[in-house]
Amino acid sequence: MIADVDAVVLAGGRGSRLGAPSKPDYVLGGRRLLDVALSAVRPARRTVVVGPGPVPDGVLLTREDPPYSGPVEAVAAGLAALPDHAAWTLLLACDLPAAEAGVERLLSVDPGEDVDGVCLVDRDGRLQWLLGCYRTAALQARLADRGDPPLTAMYALLGPLRLLGLEADPHVVQDVDTPEDAQDWVRRLGGHG
């Protein structure tokens with residue numbers, strides 16, 4: 001079981017495809033997506049949100065520089081905002097309505113010494129980089145070796161790591177990017193948007 005963990009929640013999405021003013025503030029099932037993400041990462045000793053905020057008391061807030069420069073820069077900003085680091089870092093996108101079940105699944109495994117991280121996989125077996133937990137030292141090493149120009153894609157940053165893919169119920173990894181995605185979730189939540 002993974003216990004010594006910090007959390008970086010990526011909450012800087014514009015929500016333009018979703019037709020929302022802000023993806024973190026989008027409400028599904030009576031809850032903002034950011035609130036779902038923050039509930040999911042409660043086991044973390046510290047949480048930093050990378051986005052415009054606001055955030056609750058006790059949660060750190062930072063932005064990637066420049067804003068909207070992508071998830072790799074957001075991860076770097078999130079790690080830099082932590083004054084010290086846990087052994088593991090949970091990376092979570094804020095657009096996952098089933099984040100609580102996903103994080104519970106991630107933290108329930110004993111990854112062993114020979115892996116750098118664990119990620120949930122989608123129904124096609126693709127690793128979901130932003131529903132994953134990584135050894136902080138491995139994550140920091142990858143961020144330090146981003147190159148020039150620096151890497152901008154999560155697969156380029158995290159793909160070289162030794163990762164354990166975990167299966168979960170397919171809906172756990174489904175995010176909300178479009179109005180159609182949102183409607184699928186409204187139906188799944190019993191018609192409560």
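The values are calculated or read from the model by the stated rules, or taken from the named source; none is laboratory data. Note that the structure is predicted; figures quoted are calculated from it, not measured. Using ideal geometry, Cβ is built from the backbone for each residue, glycine included, and neighbour counts are taken over all protein chains shown.
See the values below:
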| read-out | value |
| --- | --- |
| Check on LEU143, assigned to a helix (DSSP H, G or I), within 14 Å of MET1 (Cα to Cα), of a type in the set (A, V, I, L, M) and under 17 Å from the mean Cα position of the chain (by Cα) | no |
| Selection count, segment 148-166, where residues are in contact with a helix residue (DSSP H, G or I) (Cβ under 9 Å, 6 or more places away or on another chain) and either exposed (fewer than 15 other Cβ atoms within 10 Å of the Cβ) or not in a helix (DSSP H, G or I) (or both) | 9 |
| Condition broken by LEU91, with the remaining ones in (1) surrounded by fewer than 21 Cβ atoms within 10 Å (Cβ to Cβ); (2) touching a Gly at 6+ places or on another chain (Cβ under 7 Å); (3) modelled with pLDDT of 95 or more; (4) not β-branched (Val, Ile, Thr) satisfied | (1) |
| Number of the condition not met by VAL5 [criteria: (1) without any contact (Cβ under 8 Å) to a residue 24 or more places away in the chain; (2) closer than 24 Å to LEU166 by Cα; (3) in contact with a Pro (Cβ under 8 Å, 6 or more places away or on another chain)] | (1) |
| Of residues in segment 167-182 being charged (D, E, K, R) and loosely packed, with under 15 Cβ neighbours inside 10 Å, the one farthest from LEU120 (Cα to Cα) | GLU180 |
| Test: residue in segment 49-72 that is surrounded by 15 or more Cβ atoms within 10 Å (Cβ to Cβ) and among the aromatic types (Phe, Trp, Tyr) | no |
| Failed item, numbered, when ILE2 is tested on (1) at pLDDT 95 or above; (2) touching a Phe, Trp or Tyr at 6+ places or on another chain (Cβ under 9 Å); (3) of a type in the set (Val, Ile, Thr) | (1) |
| Filter pass, ALA37 being touching a helix residue (DSSP H, G or I) at 6+ places or on another chain (Cβ under 7 Å), part of a helix (DSSP H, G or I) and under 24 Å from VAL172 (Cβ atoms) | yes |
